[in-house]
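Asks: Quick one: structure below, then a few questions.
The values are calculated or read from the model by the stated rules, or taken from the named source; none is laboratory data. On a predicted model such as this, the values are computed, not experimentally measured, just so you know. Here the Cβ positions follow ideal geometry from the backbone for every residue, glycine too, while neighbour counts run over all protein chains shown. SASA here: full protein model, heavy atoms, side chains in, ligands and nucleic acids out. Shrake-Rupley method; radii C 1.70, N 1.55, O 1.52, S 1.80 Å.
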Amino acid sequence: MQYRRFGRTELSMPVFSCGGMRYHYKWQDVPLNEIPLDNQENLEKTIHYSVECGINHIETARGYGTSEMQLGLILPKFPREKLIVQTKVTVQPNAHKFREEFETSLAYLQLEYVDLLSIHGINTWELLEDSIRPGGCMDVARKLQAEGKVQFIGFSTHGPTDVIVKTIETNQFDYVNLHWYYINQINWPVIQAAKLHDMGVFIISPSDKGGQLYNPPQKLIDLCYPLSPMVFNDLFCLSHPQVHTLSLGAAKPEDFNEHLKVVQLLDKADRLLPPILARLETAAINQLGEDWFKTWHVGLPTIENTPGNINIYVILWLWNLAQAYNTIEYCKMRYNLLGNGSHWFPGQKADRLDELDLRRCLAHSPHAAKIPGILKAADELFGGESVQRLSKE
């Protein structure tokens, strides 16, 4: 395993983290005696294998149902100083509720402290205000820090780039959990801002939200050769020294193995990545056209300024991915989450275009004339049954 300084925390962070949202039993709290023995055994084998591989950062959240409770049966068996344990507690308008949620987390984990506490889901301006206002979640987190129950405080986010950058610029957080990977690089300004503030950078879900790379289409496999799409994406992310760790949501011990191939390739990134990156870009340009490829995002309206709150940016992004790389199943999954993702994945699908006039909101786009047709085609290609966020399943 290789390790990187996790920003101003000074923690030695493995380049991969063990995410706690796929090996647990349920997304809701249940009594301990309802957790099947085989599920708990699998979780414990996964944690043991993770630590044996040098992945000693174990990450979970209060919102991950039984994950904390199940981890509490195994984590205290390790030397405490050998682990970096992180949990996340969602933003609460009532800061007392935030403290109660954290105390539940700590009790379930059966630990005296966590190394890292994230204020979970600073996705909107309102949630940022609830976090940093006097008497808000950050004040509670600071008290927990003073009591020795928390070592370092960060935040996680699925929000827009401007909200994330503003949160970083408060200079109140030690690290950030965010989405950034090859197919979605919009948050690069966030990573640059985090570096300026010497913050740790933790990438969420690089293999699932990064394109369901555990089940890639053949076209993507061919374009990424001689690497697998999963190894390519890991190497792409970690080739940027500003990125410190990628979260691996392992469901079983062997889920780490493909990722672990990357450790031996990190010093070869300058040689391995350029030809793959060139092929991926060429494939996209050939399919989409160079002008669209370079300018499709220019002048797009925000969700709030779009009739029907259609998330035009995300739908066009998904259309591009499907056309360029045949990532149809991934794009269907993400598209059908629109309308059900709340502030975690905001906006609506394009299934009501006939009722809406988009001319005014698209006035600043160089592609205003063609975008409605693409939105209609995307809805026909991707439309289907609604999808719930994992935590709502």
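Asks: Considering each of 38, 29 in turn, give the residue that is open to solvent by 70 Å² or more (accessible area, probe 1.4 Å) and assigned to a loop (DSSP other than H, G, I, E, B).
Replies: Checking each option against the conditions leaves just 29.
Asks: I'd like the residue in the range 347-376 that is in a loop (DSSP other than H, G, I, E, B) and aliphatic (A, V, I, L, M) and, out of all such residues, is farthest from residue 307 (Cα to Cα).
Replies: Residue satisfying both the conditions and the ranking: 369.
Asks: Take the range 303-337 and flag every residue that is open to solvent by 10 Å² or more (accessible area, probe 1.4 Å), in contact with a helix residue (DSSP H, G or I) (Cβ under 6 Å, 6 or more places away or on another chain), under 22 Å from residue 358 (Cα atoms) and β-branched (Val, Ile, Thr).
Replies: Correct list: 303 only.
Asks: Hey, could you check the range 263-272 for residues that are touching a helix residue (DSSP H, G or I) at 6+ places or on another chain (Cβ under 7 Å) and either crowded, with 17+ Cβ neighbours inside 10 Å or of a type in the set (Val, Ile, Thr) (or both) and say which is nearest to residue 241 (Cα to Cα)?
Replies: It comes out as 265.
Asks: Something else: Given the options 300, 260, name the one that is open to solvent by 30 Å² or more (accessible area, probe 1.4 Å), among the aliphatic types (A, V, I, L, M) and under 20 Å from the mean Cα position of the chain (by Cα).
Replies: Residue meeting the stated conditions: 260.
Asks: For residues that are surrounded by fewer than 17 Cβ atoms within 10 Å (Cβ to Cβ) and among the small types (Gly, Ala, Ser), tally how many sit in the range 338-368.
Replies: Residues in the range 338-368 being surrounded by fewer than 17 Cβ atoms within 10 Å (Cβ to Cβ) and among the small types (Gly, Ala, Ser): 3 in total.
A quick yes/no check of all residues on (1) closer than 19 Å to residue 236 by Cα; (2) among the polar types (S, T, N, Q); (3) within 23 Å of the chain's Cα centre (by Cα); (4) at pLDDT below 95:
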{"position": "253", "(1), (2), (3), (4)": "no, no, yes, no"}
{"position": "271", "(1), (2), (3), (4)": "yes, no, no, no"}
{"position": "284", "(1), (2), (3), (4)": "yes, no, no, no"}
{"position": "287", "(1), (2), (3), (4)": "no, yes, no, no"}
{"position": "290", "(1), (2), (3), (4)": "no, no, no, no"}
{"position": "296", "(1), (2), (3), (4)": "no, no, no, no"}
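Asks: Taking the range 142-164 as the search range and keeping residues that are in a helix (DSSP H, G or I) and more than 21 Å from residue 247 (Cβ to Cβ), which one is most open to solvent (accessible area, probe 1.4 Å)?
Replies: 143
Asks: Quickly run through the range 106-122 and pick out the residues that are part of a strand (DSSP E or B), of a type outside the set (S, T, N, Q) and open to solvent by less than 10 Å² (accessible area, probe 1.4 Å).
Replies: Once the filter is applied, which keeps residues that are part of a strand (DSSP E or B), of a type outside the set (S, T, N, Q) and open to solvent by less than 10 Å² (accessible area, probe 1.4 Å), the range 106-122 yields 114, 116, 117, 119.
Asks: Can you tell me which residue within the range 167-222, out of those that are of a type in the set (S, T, N, Q) and within 16 Å of the chain's Cα centre (by Cα), is farthest from residue 238 (Cα to Cα)?
Replies: Only one residue fits best here, namely 212.
Asks: OK, next. Name the single residue, out of those in the range 197-227 being without any contact (Cβ under 8 Å) to a residue 24 or more places away in the chain and hydrophobic (A, V, I, L, M, F, W, C), that is most open to solvent (accessible area, probe 1.4 Å).
Replies: Of everything passing the filter in the range 197-227, 221 is most open to solvent (accessible area, probe 1.4 Å).
Asks: Moving on. Restricting the first residue to the range 260-275 and requiring it to be in a helix (DSSP H, G or I), which pairs with a second residue that is aromatic (Phe, Trp, Tyr) and surrounded by 11 or more Cβ atoms within 10 Å (Cβ to Cβ) meet a Cβ separation below 9 Å and a spacing of at least six or different chains?
Replies: Every condition considered, the pairs that remain are 260/16; 262/16; 263/16; 269/236; 272/232; 273/232; 273/236.
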